[in-house]
Amino acid sequence: MGPGKNFEGTGAFGPWMVTRDEISDGEILTLETRLNGELMQHATTDMLLFPIPTLISYVSSFTTLEPGDVIVTGTPGGIGMKRNPPVYMKAGDVVEIEVSRVGVLRNTIVAE
C-alpha cells in the first residue's frame, strides 16, 4: 500500500457522507466529474472491475478497517492528460464530482 495520490490537501470528502444503509443492495450509482461545468467523466458503479465486497475483503487483508474508513476505488476514464488535446486544471477552475444519491463535492483549484 502506498500513498498513491494522497498527500496533504487532497482527498476531500463532505460536507457529509452517505451511510451504507441509505443505498440499496445492488443499486447502481452514477459518478460524474465536471470541470468548469463541462462533463469530463461519467461512470457507474456496475463498471467497477471488482465488486465492493471483494474490495473490502482485499483491503481488510492488509489493514484494519474502522467505522468511517473510506475505500477509494480509482478513476473512471476521461482524465485530462488522456484527452486530445490534454486538459489540465489551473488555479481558478471549479471541479464538481457528483455521485447519484450522495451529492456534489465542489472545489476551486488554487495555486500551490
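The values are calculated or read from the model by the stated rules, or taken from the named source; none is laboratory data. Being a predicted model, the structure only gives us computed values, none of them experimental. In this analysis, Cβ positions are derived from the backbone assuming ideal geometry, glycine residues included, and neighbour counts consider all displayed protein chains.
From the list 106, 101, exactly one residue is of a type outside the set (A, V, I, L, M), under 20 Å from residue 18 (Cβ atoms) and surrounded by 12 or more Cβ atoms within 10 Å (Cβ to Cβ). Which is it?
Of 106, 101, the one residue that is of a type outside the set (A, V, I, L, M), under 20 Å from residue 18 (Cβ atoms) and surrounded by 12 or more Cβ atoms within 10 Å (Cβ to Cβ) is 106.
With of a type in the set (A, V, I, L, M, F, W, C) and assigned to a strand (DSSP E or B) as the only criterion, which of 70, 95, 110 stands out?
Matching residue, one of 70, 95, 110: 95.
Check residue 12 against each of (1) among the aliphatic types (A, V, I, L, M); (2) in contact with a strand residue (DSSP E or B) (Cβ under 7 Å, 6 or more places away or on another chain); (3) at pLDDT 85 or above; (4) under 21 Å from residue 102 (Cβ atoms) and name the one condition it does not meet.
Going through the list (1) among the aliphatic types (A, V, I, L, M); (2) in contact with a strand residue (DSSP E or B) (Cβ under 7 Å, 6 or more places away or on another chain); (3) at pLDDT 85 or above; (4) under 21 Å from residue 102 (Cβ atoms), residue 12 breaks only (3).
Please go through region 18-45 and pick out each residue that is without any contact (Cβ under 8 Å) to a residue 60 or more places away in the chain and part of a loop (DSSP other than H, G, I, E, B).
Scanning region 18-45 gives 19, 24, 25, 26, 28, 36, 37.
Any residue at all in region 74-85 that is in contact (Cβ under 8 Å) with a residue 12 or more places away in the chain, surrounded by 12 or more Cβ atoms within 10 Å (Cβ to Cβ) and either of a type in the set (Lys, Arg) or in contact with a helix residue (DSSP H, G or I) (Cβ under 9 Å, 6 or more places away or on another chain) (or both)?
Yes, region 74-85 contains at least one residue that is in contact (Cβ under 8 Å) with a residue 12 or more places away in the chain, surrounded by 12 or more Cβ atoms within 10 Å (Cβ to Cβ) and either of a type in the set (Lys, Arg) or in contact with a helix residue (DSSP H, G or I) (Cβ under 9 Å, 6 or more places away or on another chain) (or both).
Would it be correct to say that residue 45 is in contact with a Leu (Cβ under 7 Å, 6 or more places away or on another chain) and surrounded by 11 or more Cβ atoms within 10 Å (Cβ to Cβ)?
yes
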